[in-house]
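A short write-up of the structure that comes next.
The values are calculated or read from the model by the stated rules, or taken from the named source; none is laboratory data. Note that the structure is predicted; figures quoted are calculated from it, not measured. As a convention, Cβ positions derive from the backbone with ideal geometry for all residues, glycine included, and neighbour counts pool all protein chains shown. Heads up: the accessible areas ignore ligands, DNA and RNA and are worked out on the full protein's heavy atoms, side chains in. Shrake-Rupley method; radii C 1.70, N 1.55, O 1.52, S 1.80 Å.
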Amino acid sequence: MLLIHSGRVESRDYKTGAHSSSECVFVVCVSSKKVNVRPGMEDDTGERSSFVIGLIENRAKEVGVAAFDLRSASLHLSEYIETSSSYQNTKTLLHFYDPIVIIVPPNKLAPDGMVGVSELVDKFYSSIRKVTMVRGCFDDTRGAVLVKGLAAKEPSALGLDTYYKQYYLCLAAAAATIKWIEAEKGIIIMNHSLLVTFNGSFDHMNIDATSVHNLEIIEPLHSTLLGTSNKKKSLFQTLKSTRTAGGTRLLRANLLQPLKDTETIKARLDCLDELMTNEQLFFGLSQALRKFPKETDRVLCHFCFKPKKVANEVVGIHNARKSQVLISSIIILKTALDALPLLSKVLKDANSFLLGNIYKSVCENDKYASIRKRIGDVIDEDVLHARVPFVARTQQCFAVKAGIDGFLDIARRSFCDTSEAIHNLANKYREDFKLPNLKIPFNNRHGFYFSIPQKDIQGKLPGKFIQVIKHGNSIHCSTLDLASLNARNKSAAKECYLHTELCLEALMDAIREDVSVLTLLAEILCLLDMIVNSFAHMISTKPVDRYTRPHFTENGPLAIDAGRHPILESVHNDFVPNNIFLSEASNMVIVRGPNMSGKSTYLQQICLIVILAQIGCYIPARFATLRVVDRVFTRMGTVDNLESNSSTFMTEMKETAFILQNISERSLVVMDELGRATSSSDGLAIAWSCCEKLLALKAYTISATHMENLTALATMYPNVKILHFDVEVRNNRLDFKFELKDGSRHVPHYGLLLAGVAGLPSSVIETARKITSRITEKEVKRKELNNEQYEGIQMTYRVAQRLICLKYSSQDEDSIRQALQHLKVCYANALPAHGKRLQC
């Protein structure tokens with residue numbers, strides 16, 4: 001069956017199990033913070049998190065996480081070894097999910113030197129509700145039974161027989177999380193209704209919370225851009241043109257955890273290729289998606305969660321609001337199913353694998369037509385989803401066909417009578433008080449009220465009007481008669497909701513039997529919203545060929561030709577593009593240049609382009625080929641961390657230690673000014689040592705620095721490449737070109753020139769100039785000797801580097817032969833100038 005979760009599209013088998021009805025006695029100790037945990041549409045914030053997370057650990061530094069999304073009815077299970085004593089991996093996951101509740105066991109089972117997950121929550125997440133459950137609730141055996149029973153037949157594919165021992169901690173966390181949700185909300189989670197994923201975090205690129213902040217993925221570091229009136233955006237805000245809350249959440253999830261599966265990435269890119277070359281398909285899909293209500297994905301919770309009737313009987317209260325939400329869910333589902341034929345028509349001739357798979361799995365599935373027929377037997381055909389408050393209330397009251405319930409028909413008549421009486425009252429006031437422009441708006445909170453333009457009021461408003469509020473150029477008010485009619489109208493609407501819910505009980509049970517196909521539909525709509533309304537829309541608004549498709553290789557280079565910053569290029573029309581090339585033979589680039597020459601922007605640009613490529617989107621470059629990156633690490637910025645009593649240097653060292661402890665051969669590391677927050681000698685020693693460590697790990701590393709001595713690494717390690725940002729000095733002023741060039745260029749005294757621009761006294765600058773000239777004279781001579789000594793070795797290594805690139809090339813044999821011949825000619829001509837002989 002087709003599985004689409006966070007954008008993944010796969011074909012899998014599935015296994016299911018029975019839902020265990022056994023109870024687990026537990027004690028809940030909660031903090032004083034009160035948080036409303038409402039599944040489904042009762043939370044109208046849309047993009048706000050709705051995750052409840054269970055955390056548990058053992059003494060072997062293993063942590064199990066169960067993240068339950070109340071809005072989309074999905075369960076994400078992760079289990080990993082915590083490599084950092086500060087729980088950086090766990091912090092990254094918590095930052096990604098942004099939970100409203102965290103469930104932990106009471107006792108501390110943390111390894112020596114580690115604080116434990118319970119204390120971690122107390123220290124860093126004090127604003128989030130913490131729930132402590134007895135350890136008996138964290139039962140991995142019961143968790144496995146629950147997960148097998150609740151997992152959807154479609155599209156889940158669990159294989160618990162294989163994963164049981166590997167994921168026992170996260171299954172234990174799942175048992176506690178599910179039990180708490182059912183007890184807290186007084187609901188039963190329906191069998192085969194949850195979308196379950198294993199190892200959901202580490203099947204994706206991992207970006208720690210510090211890097212998310214440094215790269216401005218979700219929020220910008222600064223709200224405004226210096227020298228412009230434009231507000232600076234983050235990458236998320238740049239791409240955020242999705243129409244639905246579900247599509248927006250999926251976009252955020254993909255940016256925080258980009259894909260690592262090249263097949264899924266290529267499926268998305270193939271889909272974008274077709275959308276960009278087939279305008280009819282692109283605009284057809286855009287129109288079809290507009291027909292679906294924005295809340296479609298949030299409707300699912302009302303079919304996945306069944307209220308416990310005994311809970312209502314004990315409380316003695318039947319909430320009319322819950323009935324209203326249930327009716328609205330049915331109406332939204334009906335509207336969504338009515339829009340499916342148009343989507344089918346548009347997708348019928350699609351050629352890409354992703355769109356073709358969606359057509360086969362949804363548009364050719366007879367279960368949707370069956371659900372629509374069941375709804376049509378009960379719900380009036382003229383009822384549609386509406387966003388205008390009173391229209392929506394009227395649609396909900398008249399959702400069920402007439403004649404099914406006599407009490408419902410009586411309540412409807414009362415609702416119509418009071419609504420008509422309210423409008424008659426408004427007409428009476430228009431005549432009596434000479435207010436021809438008096439209007440009678442409606443909102444869900446206050447009901448009906450009067451709105452009178454201020455220009456129509458001569459003198460004081462008549463004393464009959466109460467609750468007078470000035471609102472812009474209008475006066476909002478009410479009367480005792482209107483308040484009485486409002487109360488009667490609201491009461492009649494409540495009666496309609498309660499009787500309508502009784503009429504819909506059998507329909508709800510029938511729909512819950514096929515809830516898995518509704519889960520699949522919501523996932524698909526979110527994915528299409530992200531690809532069509534975000535990715536394709538952004539690309540279509542740019543000039544032709546400004547965004548291109550990235551190519552992926554297994555172990556090839558990271559090569560970007562004429563890359564641009566995806567955020568800043570939309571602000572600066574004259575943004576200067578730059579290149580990057582990293583490979584096995586040249587896995588470290590050291591970038592030099594004066595302050596404000598563009599080094600930090602360049603580092604951020606490379607990371608954002610890689611992230612865009614791995615979410616399956618086109619990138620701002622002329623050409624790019626990449627290998628899949630498993631983690632992105634950044635060491636940028638210099639700010640004291642007062643909360644943890646850390647200086648700038650201590651913060652820098654903690655971030656660097658985290659990088660060195662967690663890096664792998666397929667990681668991408670960017671470091672900006674490593675070691676500048678301490679003494680010059682110690683800073684250089686630390687930067688040099690860290691670079692050597694990174695070179696040995698074969699990770700791709702880009703480091704920006706002002707330390708000229710650090711460029712000597714290139715004379716000792718042939719896989720280090722030195723680049724610089726071009727700057728011209730004119731009349732003691734720096735002319736920034738923002739263009740990256742090979743080699744290391746010495747710009748004399750650029751710090752002094754910038755200090756002069758800042759207004760430092762000329763006498764101070766002149767003295768500093770004399771001092772720095774003496775210091776740098778000997779260093780320049782030493783570097784020239786080193787460059788001459790190692791020039792031959794460097795040239796030999798460059799040939800090897802080109803040969804490795806040709807090894808991974810996908811070109812035909814003739815093209816490779818031509819490239820080899822060209823390489824031979826180039827280096828044969830270059831050698832005599834250096835007095836050396838090189839065999840090509």
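Keeping all protein chains in place, calculate the accessible area per residue for the range 376-462 (probe 1.4 angstrom), answer in Å².
On the way: 5050 Å² over 87 residues.
That works out to 58 Å² for each residue.
Can you put Lys460, Lys721, Lys179 in order of accessible area, largest first, using a 1.4 Å probe?
Greatest to least solvent exposure: Lys460, Lys721, Lys179.
Just to verify a number: what accessible area does Arg374 come out at with the full protein assembly present, 1.4 Å probe, Å² rounded to tens?
Accessible area, nearest 10 Å²: 70 Å².
With a 1.4 Å probe and every protein chain left in place, tell me how much accessible area Ile771 has, in Å² to the nearest 10.
Per-residue accessible area (Ile771): approximately 90 Å².
Could you sort Lys439, Lys367 by accessible area so the largest value comes first, with the probe set to 1.4 Å?
Working: Lys439 135, Lys367 85 Å².
Heavy-atom accessible area, descending, gives Lys439, Lys367.
Which residues' amide hydrogens lie under 5 Å from the amide hydrogen of Tyr700, considering only partners 5 or more residues apart or on another chain, with H built in the peptide plane?
Under 5 Å from the amide H of Tyr700 lie the amide H atoms of Ser667, Val669, each far enough along the sequence or on another chain.
Might you report the magnitude of the Cβ-based charge dipole of the range 554-668 about its Cα centre, with Lys and Arg at +1 and Asp and Glu at -1, to the nearest 20 debye?
160 debye
When the dipole is taken about the Cα centre of the range 388-456, and only Lys, Arg (+1) and Asp, Glu (-1) are charged at their Cβ, what size is it in debye, to the nearest 20? All intermediate terms of the calculation are to be shown ahead of the outcome.
On the way: 10 positive and 7 negative charges, 47 e Å.
Result for the range 388-456 is approximately 220 debye, rounded to the nearest 20.
Cα to Cα, under 15 Å, and not fewer than 8 places away if on the same chain: which aspartates and glutamates meet these conditions relative to Lys91?
Of all the aspartates and glutamates, those that pass the test against Lys91 - Cα under 15 Å, at least 8 places apart if same chain - are Glu57, Glu62, Glu79, Glu82, Glu119, Asp122, Asp208, Glu655.
At 1.4 Å probe size, what's the solvent-accessible area of His213? Round to the nearest 10 Å².
Approximately 110 Å² for this residue.
Any idea which of Ser570, Ser583, Leu527 is furthest toward the positive side of the dipole for the range 453-591, if Lys and Arg beta-carbons carry +1 and Asp and Glu beta-carbons -1?
Of the listed residues, the answer is Ser570.
Ignoring ligands, DNA and RNA, please state the percent of accessible area on the range 608-736 from carbon and sulfur, probe 1.4 Å. Walk me through the numbers before you get to the answer.
Numbers: 2540 of 4970 Å².
Of the solvent-accessible surface of the range 608-736, carbon and sulfur hold 51 percent.
Roughly how far apart, in whole Å, are the Cα centres of the range 683-710 and the range 659-679?
So the two Cα centres are separated by 8 Å.
Amide H to amide H, which residues 5 or more places from Ile56 or on other chains are under 5 Å from it, using H placed in the peptide plane?
Excluding prolines and chain starts, which carry no amide H, the hits are Gly64.
How do Arg129, Arg730 stack up against each other in accessible area, from largest to smallest, with a 1.4 angstrom probe?
On the way: Arg129 15, Arg730 130 Å².
Listed by decreasing accessible area, they come as Arg730, Arg129.
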